[in-house]
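Below is one structure, written out as structure tokens, with a few remarks after it.
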Amino acid sequence: MDNWRKSSYSGEGDGNNCVEVATRPARVTVRDSKTPTRATLSFPPEAFALFLHALKPQAGR
């Protein structure tokens, strides 16, 4: 069973509508928190880490 986590930035009201992430050694799975029983996206951990790195603001930009 996956342990789904939401961003700590999710708050009350509309802030609860976000993506949730579950991690396992061989994959990272993402789903829409509004419809958790629908389809999920699954990525290799390395690809997901590169995606997260690309989202972070870079110094000097």
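Would you tally the net charge around P45, using a Cβ to Cβ cut-off of less than 11 Å, leaving P45 out, and scoring K and R as +1, D and E as -1?
+1
Round to the nearest 0.05 the FRET efficiency obtained for A39 and C18 when R0 = 25 Å and r is the Cβ-Cβ distance. Walk me through the numbers on the way to the answer.
Numbers: r = 16 Å, r/R0 = 0.66.
So, using R0 = 25 Å, E works out to roughly 0.90.
The numbers here are math on the coordinates, done by the rules we state, and not lab data. Predicted model only: the values in this text are computed from it and were never measured. For neighbour counting, all protein chains shown are included, and Cβ atoms are generated from backbone atoms with ideal geometry for every residue, glycine included.
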